[in-house]
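Working notes, beginning with the structure itself.
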Amino acid sequence: MATILDGKEVSKIYRERLKKEIDQLREKGYRKPSLAVILVGNDPASQVYVNNKRKACSKVGIESLFYHLPEDCKEEKLLSLVKELNENPEVDGILVQLPLPKHINPQRVIETIRPDKDVDGFHPENMGKLIANLDSGFIPCTPLGIKILLEHYGIDVQGKDTTIVGAGYIVGKPLSVLLLNQNATVTTCHIYTKDLKKHTLNADILISATGVAHLIKEDMVKEGAVVIDVGISKKDGKIVGDVDFEKVKEKASYITPVPGGVGPMTVTALLLNTFKAYKNHLGLD
Ligand code: NAD
């Protein structure tokens, strides 16, 4: 029976630590860190994510500024809001909640966010810094959250056969690079992978980020593997992950639940990235 990698609990520890650091800086007279959050349209899941992120900000003492634009908002309007926030010295981070309505090009929006305020880490400059293994950039929040979670439980990835299922721009791809930077032996699978099971069975660490409910069955997991589930989907009205949790937990050594695993760690990483941007802007350490 696997040990649960408790993202909620680990997040609590990191957020309390962050709150203390922010409180100490406030006592010295520094302003609050601030994050601008932009939501376009009324997607219910996005609204929940944005609310969670804003609540988490407020609990640690990060100010969040909220901009809610209508579904039919012109791309130009969104870009000019981003440009305005880029120039606002009181704003440390800018987050545009994805996905955007179809008529807006997300890549153009991402590239408009100034890299020093790109706390989601999606700007090509920050992706490039990740590949170059430079500390000065921002690592996308979900990969960073997973790295912190593994470190917290003392799970060393060096030399481990690590299979990542899903090669999306915001999770699978940057996570592959991040773990490679830590000397894991990384295999990245996707929809065109010929024999998925062969690769998942080989994994000491198996991470799935596809959004396909219960894609990973127990017969695809090696005995004693560490299993990280990034996926979020709905099955029979319930939120589930990519992993068939109930069965796989009997085989894994460690496993993340959904919800309560990677989700809270992603938000924690966003708070840490915003604090990093803030310290950079104020010239602190
Ligand atoms: P994406 O659509 O960009 O990427 C999905 C990837 O999965 C693609 O590379 C695709 O080829 C692969 N894939 C799809 N079906 C597959 C299959 N049957 N076999 C193998 N590979 C397959 O998605 P994304 O933005 O990377 O998100 C992936 C999932 O992670 C979604 O469920 C999303 O909601 C979730 N997510 C969770 C968090 C979190 O904080 N927990 C954060 C971001 C994304």
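Only residues that are over 18 Å from the mean Cα position of the chain (by Cα) and over 16 Å from residue 150 (Cα atoms): list them for the range 169-191, please.
Selection gives 187, 189, 190, 191.
Scanning the range 154-178 for residues that are without any contact (Cβ under 8 Å) to a residue 24 or more places away in the chain and not hydroxyl-bearing (Ser, Thr, Tyr), which turns out least open to solvent (accessible area, probe 1.4 Å)?
Filtering the range 154-178 down to residues without any contact (Cβ under 8 Å) to a residue 24 or more places away in the chain leaves 154, 156, 167, 173, 176.
Next, only the ones that are not hydroxyl-bearing (Ser, Thr, Tyr) stay: 154, 156, 167, 173.
Details: 154: 63, 156: 93, 167: 38, 173: 118 Å².
Selected residue: 167.
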Any chance residue 187 is part of a strand (DSSP E or B), open to solvent by 10 Å² or more (accessible area, probe 1.4 Å) and without any contact (Cβ under 8 Å) to a residue 60 or more places away in the chain: yes
The range 192-201, subset under 21 Å from residue 177 (Cβ atoms) and more than 8 Å from the ligand (Cβ to nearest atom), residue nearest to the chain's Cα centre (by Cα): 200
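Which of the following residues is closer than 17 Å to residue 267 by Cα, without any contact (Cβ under 8 Å) to a residue 60 or more places away in the chain, within 15 Å of the ligand (Cβ to nearest atom) and among the hydroxyl-bearing types (Ser, Thr, Tyr): 58, 46? Before you say what the answer is, go through the steps one by one.
Details: 58 fails: within 15 Å of the ligand (Cβ to nearest atom).
Every option except 46 fails the conditions.
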Strands (runs of 3 or more DSSP E) contained in the range 203-270 and holding at least 1 residues within 14 Å of the ligand (Cβ to nearest atom) and open to solvent by 10 Å² or more (accessible area, probe 1.4 Å): 233-235, 238-240
Test result for residue 14, hydroxyl-bearing (Ser, Thr, Tyr) and open to solvent by 70 Å² or more (accessible area, probe 1.4 Å): no
Given (1) out of contact with any helix residue (DSSP H, G or I) (no Cβ under 6 Å at 6 or more places or on another chain); (2) surrounded by 16 or more Cβ atoms within 10 Å (Cβ to Cβ), number of the condition residue 112 does not satisfy: (1)
The range 36-85 - residue that is part of a helix (DSSP H, G or I) and among the β-branched types (Val, Ile, Thr) and, of those, most open to solvent (accessible area, probe 1.4 Å): 48
Some residue of the range 81-94 being away from the ligand (no atom under 16 Å from the Cβ), of a type in the set (S, T, N, Q) and at pLDDT 95 or above: yes
Cβ pairs under 6 Å, 6+ apart, first in the range 101-117 and without any contact (Cβ under 8 Å) to a residue 40 or more places away in the chain and of a type in the set (Lys, Arg), second open to solvent by 30 Å² or more (accessible area, probe 1.4 Å) and in a loop (DSSP other than H, G, I, E, B): none
Meets criteria (in contact (Cβ under 8 Å) with a residue 40 or more places away in the chain, in contact with a Phe, Trp or Tyr (Cβ under 8 Å, 6 or more places away or on another chain) and near the ligand (Cβ under 9 Å from one of its atoms)) for residue 148: no
Failed condition for residue 20, given (1) more than 16 Å from the ligand (Cβ to nearest atom); (2) on the phi < 0 side of the Ramachandran plot; (3) open to solvent by less than 60 Å² (accessible area, probe 1.4 Å): (3)
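The values are calculated or read from the model by the stated rules, or taken from the named source; none is laboratory data. Since the structure is predicted, the reported quantities are computational estimates derived from the model, not experimental observations. So basically every Cβ, Gly included, is an ideal-geometry build from the backbone, and we count neighbours across all protein chains shown. Please note that ligands, DNA and RNA were not included when accessible areas were found on the heavy atoms of the full protein model with its side chains. Shrake-Rupley method; radii C 1.70, N 1.55, O 1.52, S 1.80 Å.
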